[in-house]
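Peer 1: For reference, the structure I am asking about is given below.
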Amino acid sequence: MGKKEEAAQLFFDGYNCSQSVVGAFCEDFGIPRETGLIMSEGLGGGVGRMRDICGAVTGMAIVLSMKYGSADLSDKDNKAKVYALVQQAADKFRAKHGSLDCSDLMGAVRSTPVPDERNAEFYKKRPCAILVRDAAEILEEML
């Protein structure tokens, strides 16, 4: 199974968009999947279901940081490189979907902190599986 299929499957398994993208890649960088799923949980629903930046996009930023990031505060060049890569990934996503914002991508969907029940109706009215697949595809091109 490729990364985009893996990301979509994680979404259909019940993980949010950010978790689905991060979960598909984290083990490639020596990070246990469970850790990746935990650290990205709060980014779903456009960050805490506030419908701001799409979880698939924040997931891409995390994956790019896992691959290229540094904890060295003096390495300003690397920080600029990571920021440029995140912007490049976001630009590709925006070019394909027209926005980075969950609210734009989802349309009229509630922004309460309580997750909706995952059922056929949930999946029918959301483009999220497509968004996480496309985010994973962008990452595969960039990594």
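The values are calculated or read from the model by the stated rules, or taken from the named source; none is laboratory data. Here the structure is a predicted model, which means the values were calculated and not measured. We place every Cβ from the backbone using ideal geometry, glycine too, and count neighbours over all the protein chains shown.
Peer 1: Let me confirm something: among E27, E34, E5, which residue is among the acidic types (D, E) and over 17 Å from L139 (Cα atoms)?
Peer 2: E34
Peer 1: Also, quick follow-up: Is it true that A108 is at pLDDT 90 or above and more than 16 Å from the chain's Cα centre (by Cα)?
Peer 2: For A108, the condition - at pLDDT 90 or above and more than 16 Å from the chain's Cα centre (by Cα) - is not met.
Peer 1: Something else now. Restricting attention to the stretch 67-90, does a residue exist that is closer than 18 Å to C128 by Cβ, free of Cβ contacts under 8 Å to residues at least 60 places away in the same chain, of a type outside the set (S, T, Y) and touching a helix residue (DSSP H, G or I) at 6+ places or on another chain (Cβ under 7 Å)?
Peer 2: yes
Peer 1: Mind listing just one residue for me: the one in the stretch 16-59 that is outside any helix (DSSP H, G or I) and more than 11 Å from the chain's Cα centre (by Cα) and, of those, surrounded by the fewest Cβ atoms within 10 Å (Cβ to Cβ)?
Peer 2: Among those that are outside any helix (DSSP H, G or I) and more than 11 Å from the chain's Cα centre (by Cα), it is G30.
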